[in-house]
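The next block holds one structure in the form of structure tokens; read it before the comments.
Just so it is clear, none of the values below were taken in a lab; they were calculated from the coordinates. Everything numeric here is computed off the predicted structure, so don't read it as measured data. Cβ: placed from backbone, ideal geometry, glycine included. Neighbour counts: every protein chain shown.
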């Protein structure tokens with residue numbers, strides 16, 4: 001056997017890589033679809049099992065995913081072994097490969113141990129997980145590689161399955177356990193291994209486990225977070241062990257998908273990483289949401305995915321990562337393109353000087369100093385270090401119909417208008433602040449106006465644009481035109 005191949009196989013075995021029974025790859029259309037089921041709470045003695053089974057089968061029938069991932073609290077009543085056999089049977093009869101991460105209730109003492117659960121799961125040819133590495137906290141941690149549609153032996157994406165554990169040793173540490181340092185080290189080893197195999201570039205990846213990270217709390221009531229938080233809180237560990245920080249440092253994980261809080265199903269972003277809840281699946285689980293599953297569709301060779309919830313009643317809205325735009329945004333209305341024919345690239349500006357506390361002061365008591373054309377919305381040409389303002393006007397060329405996010409980082413105040421409609425209000429005297437806004441635009445040219453002023457002690461103005469298919473980027477010169 002080739003020495004390098006042997007080393008790789010030994011690494012995969014030690015790492016708990018799921019590869020023996022199924023080799024997943026992107027489809028010919030460059031897509032790979034995952035359905036997440038969570039909090040099934042199967043009770044073998046309950047009549048609700050039939051409804052839960054039908055929910056799962058309905059979602060699988062509608063979506064036809066490549067894999068199903070079950071994120072914890074799956075069988076939570078005795079006889080537990082009978083329950084696990086029933087769960088496995090659902091996916092076997094559907095001929096659906098499935099992975100499992102455990103929740104805090106699955107291995108409670110009155111049920112089965114984690115070892116026993118995975119022993120039972122591994123009897124199924126459709127189960128794609130493993131016991132995972134030994135000697136570290138947690139059980140059933142493994143990585144599922146997804147190979148390319150054309151380059152058959154090249155890994156294109158990764159799916160991390162991680163045990164978020166159960167309860168801490170003492171009540172003083174909080175109600176829920178956390179992902180421990182040894183588990184984080186395991187993740188970092190996997191990430192580095194696959195990054196090295198990819199020539200130093202992190203592979204697009206997703207992570208699945210049961211209990212939310214503490215960072216989920218930052219998304220509550222934040223603009224740009226979509227979906228419901230009917231729990232009114234995030235039931236995460238009190239201890240933050242740094243799992244999110246490692247995701248950010250390793251730069252492979254695009255999105256994290258959890259369960260646990262049955263009445264939460266929101267999705268948003270923290271520091272560029274998507275944090276999402278699955279949709280509660282089990283009839284016998286508490287909560288008022290319609291039962292279903294969360295769908296994630298990845299794109300080969302790209303750091304993007306789409307996600308939505310599907311229930312027996314159909315699909316909910318779609319969320320597009322990394323843009324944060326949704327199908328609800330795309331419903332419009334759309335601002336029509338202007339019938340103008342600009343001659344060249346550039347931005348017209350009028351430069352003012354004076355003491356300003358808000359943008360309106362520029363026109364009320366500012367002194368007009370000069371006019372001209374710049375390559376972009378920039379303030380580096382200002383004559384004064386403090387106490388100045390700009391009125392910028394340009395035409396932005398929108399390549400295709402869609403929803404566009406703009407964000408402004410400014411010190412001091414700024415406002416952004418598209419076709420006379422205010423999109424961003426970042427007005428007032430302040431240090432650098434980031435404010436974003438979105439607008440639905442038809443393809444073509446649109447008038448773009450930015451009003452900006454600098455009071456004193458530091459000045460900055462940066463404008464970024466995001467569309468459905470691209471992450472946030474500095475607004476490029478070649479999108480801007482002037483008469």
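Brief remarks follow.
- Alpha-carbon Rg with Dmax, taken over segment 344-482, Å: 14.3, 43
- Among beta bridges from DSSP that stay inside the chain, the antiparallel ones total about 75%.
- Likely footprinting exposure, 222, 449, fewest C-beta neighbours within 10 Å first: 222, 449
- Cα-projected label distance for residue 64 with residue 421, points at 7 Å along beta-carbon direction, nm: 3.7
- All Cα-Cα distances of segment 403-459, cut into 10 Å bins from zero to the largest, leave 25, 49, 21, 5 percent in each bin in turn.
- Of 193, 139, the sequence from fewest to most neighbouring Cβ atoms within 10 angstrom is 193, 139.
- Remark: 106, 407 ranked as 407, 106, counting other beta-carbon atoms within 10 Å and listing the fewest first.
- Equivalent ellipsoid of segment 292-377: semi-axes from √(5λ) of the C-alpha gyration tensor, largest first, are 45, 18, 15 Å.
- FRET efficiency, 1/(1 + (r/R0)^6) with R0 25 Å, evaluated for residue 334 and residue 429 via beta carbons: 0.10
- Mean silhouette area of segment 3-322, derived from the convex hull of its C-alpha atoms and averaged over all directions, reads 15.4 nm².
- Helix 48-63 and the longest principal axis of the C-alpha atoms of the chain enclose an angle of approximately 50°.
- Extension gain (nm, one decimal) between residue 315 and residue 82, 0.36 nm per residue minus Cα-Cα: 80.7 nm
- The stretch between residue 341 and residue 28 holds 108.6 nm of extra length on full extension. This uses 0.36 nm per residue minus the Cα-Cα distance.
- Two-site FRET efficiency, residue 378 against residue 457, from Cβ-Cβ distance with R₀ of 30 Å, rounded to 0.05: 0.95
- Peptides ranked, highest mean first, by Cβ atoms within 10 Å: ranges 318-330, 418-430, 368-380, 259-271: 259-271, 318-330, 418-430, 368-380
- Net length available on complete extension from residue 221 to residue 119 is 32.5 nm, with 0.36 nm assigned per residue and the Cα-Cα distance removed.
- Between residue 185 and residue 400, the C-beta separation translates, for a Förster distance of 41 Å, into a calculated FRET efficiency of about 0.40.
- Relative contact order for the chain: 13 percent, from Cα pairs under 8 Å spaced at least 6 residues apart, divided by residue count.
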